[in-house]
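Report on the following structure.
The values are calculated or read from the model by the stated rules, or taken from the named source; none is laboratory data. Quick caveat: nothing in here was measured; it's all calculated off a predicted structure. No Cβ is skipped: glycine too gets one built from the backbone with ideal geometry, and neighbour counts run over all protein chains shown. Side chains are part of the model used for accessible areas, which takes the heavy atoms of the whole protein and leaves out ligands, DNA and RNA. Shrake-Rupley method; radii C 1.70, N 1.55, O 1.52, S 1.80 Å.
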Amino acid sequence: MEAAAEAPGGPAALSCFSYNQDCTSLAIGTTTGYRLFSLSSVEQLDQVHESNEIPDVYIVERLFSSSLVVVVSHVKPQQMNVYHFKKGTEICNYSYSSNILSIRLNRQRLVVCLEESIYIHNIKDMKLLKTILDTPPNTTGLCALSINHANSYLAYPGSATSGEIVLYDGNTLKTACTIPAHDGPLAALAFNSTGSKLASASEKGTVIRVFSIPGGQKLYEFRRGMKRYVNISSLVFSMDSQFLCASSNTETVHIFKLEHLSDSRPEEPPTWSGYMGKMFQAATNYLPAQVSGMMNQDRAFATVRLNISGQRNICALSTIQKLPRLLVTTSDGHLYIYNLDPQDGGECVLIKKHSLLGSGKMEENKENDLRPPLPQSYAATVARQSTVPSTSTMPGYSEDGGALRGEVIPEHEFATGPVCLDDENEFPPIILCRGGQPGKAKRS
């Protein structure tokens with residue numbers, strides 16, 4: 001979900017890597033182009049697409065498991081290119097006033113983050129809806145977008161010197177609230193899958209907090225460590241919102257469990273540790289709030305000790321072949337897959353290591369084969385003559401805007417809500433918007 005840019009390590013290293021919104025696909029950018037992988041299997045890593053048309057890619061984001069992919073290259077760092085990779089066509093491209101630092105997607109919105117401004121596009125037709133100007137200097141392009149288009153919230157830093165979060169409603173295009181999350185500047189932000197929770201970490205990297213959305217009340221506080229400050233490089237919820245994973249520039253990955261201990265839990269056996277635990281719990285009532293809060297913070301439910309340290313990495317919590325897994329992608333071009341015990345936690349077990357830079361056989365259709373049959377796709381629908389003519393249709397995407405090929409899509413699929421993606425394997429055609437766009441973003 002979160003791209004890692006400017007990874008060190010020589011020509012073989014990745015320049016960027018990101019998981020898609022539901023952690024079913026991995027995208028990597030290299031000096032020669034970009035690649036997309038399916039994450040449907042533990043034993044086999046299937047490459048579903050490779051492109052060498054644009055070199056020096058430093059941002060690549062795929063919309064769920066559809067054919068829409070957004071790419072930014074060091075060759076033109078101010079230009080965003082949107083592609084339908086299965087058709088091999090460019091949907092559109094936009095140019096901005098400064099370098100693009102990050103891009104976030106859901107089924108309703110496409111967000112482009114620059115150092116001091118944010119652009120919000122309607123993903124259905126790529127029109128520019130809103131430009132948020134004069135944001136605090138954001139040199140890393142830190143922002144998060146809820147993947148749930150019904151709660152299409154955007155979070156970004158409200159200050160360059162403190163940990164204030166601005167929560168922006170991407171549907172109403174209005175600021176929802178500000179959250180004073182940390183004392184120091186922010187380093188990581190992540191929404192859960194429903195957009196009802198937001199996790200944050202500061203540049204110190206010692207404490208991770210979870211807030212309710214849109215209210216901004218603090219729900220959880222986790223302590224990653226106390227001995228040293230670290231750079232949090234990845235913060236991600238599991239899709240069921242039961243777990244929160246944090247990785248950094250150290251060798252340890254922490255997984256926290258989001259649960260509140262009940263006050264009516266069973267009486268503990270009369271052991272020495274149980275007695276001391278009660279003593280500490282009672283003592284927190286008489287200590288300053290800062291100290292008692294530190295004592296009450298929950299520690300990691302599960303951990304992973306990587307055999308590397310100091311490398312950029314991103315993590316994902318996903319269900320692969322019906323079991324919970326932790327995925328760790330590193331800047332040296334490897335994907336590590338671990339088993340996660342959802343009941344007892346503890347040290348996660350490494351079960352597979354994949355190389356992302358090998359020249360393995362590309363299997364364009366493997367991604368589809370590993371999934372259950374899906375509803376008829378848009379492409380299959382337009383390939384045959386409809387028996388019942390639609391009373392109201394609109395042109396779909398093609399190189400000529402759909403007018404010459406006669407491709408149509410029922411209006412009801414675009415009438416309300418976001419782009420229809422019931423079939424994740426085929427992104428429905430984009431309606432091309434001809435002419436200029438408002439604001440500073442320019443359409444080519």
Checklist outcome for this item: Long-range amide H partners of Gly184, meaning residues 5 or more apart or on another chain whose placed amide H is closer than 5 Å, are Gly163
Next on the checklist: At 1.4 Å probe radius, can you tell me the per residue accessible area of segment 73-170 in Å²?
Outcome noted: 32
Checklist outcome for this item: Applied in sequence order to segment 30-36, the curve 6.51 cos²θ - 1.76 cosθ + 1.60 (Karplus, θ = phi - 60°) yields integer Hz couplings, x standing for Gly and Pro, of 9, 5, 9, x, 8, 9, 10
Item to check | Ile59 accessible area, 1.4 Å probe, all protein chains in place, Å² to nearest 10 | outcome: 10
Next on the checklist: Can you compute the charge dipole magnitude of segment 163-254 about its Cα centre, using +1 on each Lys and Arg Cβ and -1 on each Asp and Glu Cβ, nothing else charged? Give it in debye, rounded to the nearest 20.
Outcome noted: 220
Checklist entry - Ignoring ligands, DNA and RNA, what percent of the 1.4 Å accessible area of segment 112-240 is carbon and sulfur? => result 47
Checklist entry - Under a 5 Å amide H to amide H cut-off, with H placed in plane at 1.01 Å, what residues pair with Ser25 once short-range neighbours are removed? => result Asn20, Leu39
Checklist entry - For segment 302-313, what does the Karplus curve 6.51 cos²θ - 1.76 cosθ + 1.60, with θ = phi - 60°, yield as ³J(HN,Hα) per residue in whole Hz, taken in order and with x for Gly and Pro? => result 8, 9, 9, 9, 6, 8, 10, 8, x, 8, 5, 8
Checklist outcome for this item: Length-normalised contact order of segment 94-204, Cα under 8 Å, at least 6 apart, in percent, tallies to 18
Checklist entry - Using 0.36 nm per residue, how much length does the chain from Ile351 to Ser159 gain when fully extended, once their Cα-Cα distance is taken away? => result 65.0 nm
Next on the checklist: Check which residues have an amide H placed less than 5 Å from Thr206's amide H, if you skip close sequence neighbours.
Outcome noted: Val230
